[in-house]
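The structure appears below as structure tokens.
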Amino acid sequence: MHEGLGTSLRAAQAKRAFDEAKLHQACLAAFEGPEALVSYLVSPDVPADEKNGLYTGLVRLVQGHVASEVAWPLLWLGLWPGLDAVYQRRLKYFAGAADELSSTMATAFTALVKRLNLDTTHRVAATLVRSTERDVMDAWRRARTEDARYSRYREREEAVAAEAVVLSPALSEVGLSVRMQVESLAKWLHPLAPMDAKLVLSVLLLDEEQSAVGARLGLTPAVARKRFQRALLRLRREMEAAEDSDDTAA
């Protein structure tokens, strides 16, 4: 990505866009071309306040849709040392998915630049880098939560599907297809862990003994009884909450 951005700044179109940018942001006037600006921004000898003014000007160009074709790569390359440090720190969370990290960073950085409030932001570079890292990790946590939720749902659905093979003849008498049976049961048992869902199904709908089901699931009779009671209590609370919600809506 770094190489591609650098190549884009060497194109004649980028030079013309940079000349236009200088007309709108006086802070850029001292630089002959975009490459000179990048060298200045990444230099550790340049005072932070001077860099801040330049980054502010570049963000204004992007937000104002003026010469943004050159402002974007300038922002990326100027902040590259900080963004690359974020990439290196967070790569361990994206093991085997470096492309996912790059994409997540690009999405987060782009959104931040577009919505950055320059009236209240005093350190543009630091804010963009730190906020990009924060948003990347927030996205990572959301993705992991969704993965876990989907995995639990699939486990429940598979458990219900296995029981539906036995339940199908009885439920078909009330007009439910196998698919509808599985979906309906899965929705009803959604709040429960897979093992608890299987325990409730086996005891209530298949009329099996708690102890027998518990033994099959690797549970002692006491543990099976306690889990069954807690599962019923949770389902009862869920149904009561749903009924209260329906009454309120009505």
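Gly53 meets the stated requirement of being in contact with a Cys (Cβ under 7 Å, 6 or more places away or on another chain) and part of a helix (DSSP H, G or I). Residue-level check: of (1) free of Cβ contacts under 8 Å to residues at least 12 places away in the same chain; (2) part of a helix (DSSP H, G or I); (3) closer than 19 Å to His122 by Cβ, Val46 misses just (2). Step by step: first the residues of region 53-90, then only those that are of a type in the set (S, T, N, Q) and either within 15 Å of Ala108 (Cβ to Cβ) or touching a residue at least 40 places away in the same chain (Cβ under 8 Å) (or both), then the one that is surrounded by the fewest Cβ atoms within 10 Å (Cβ to Cβ). Which residue is that? Going through the qualifying residues, I end up with Gln63.
Among the residues in region 20-38, are any part of a loop (DSSP other than H, G, I, E, B), surrounded by fewer than 18 Cβ atoms within 10 Å (Cβ to Cβ), among the small types (Gly, Ala, Ser) and without any contact (Cβ under 8 Å) to a residue 12 or more places away in the chain? Yes: one or more hits. Within region 2-34, the set of residues being within 19 Å of Ala125 (Cβ to Cβ) and at pLDDT 90 or above comprises Ala21, Gln25, Cys27, Leu28, Ala30, Phe31, Pro34.
Residues considered: Val178, Val213, Val182. Of these, the only one that is modelled with pLDDT of 70 or more and β-branched (Val, Ile, Thr) is Val213.
The values are calculated or read from the model by the stated rules, or taken from the named source; none is laboratory data. None of these values were measured; they are calculated from a predicted model. Here the Cβ is made from the backbone with ideal geometry for all residues, glycine too, and neighbour counts use every protein chain on show.
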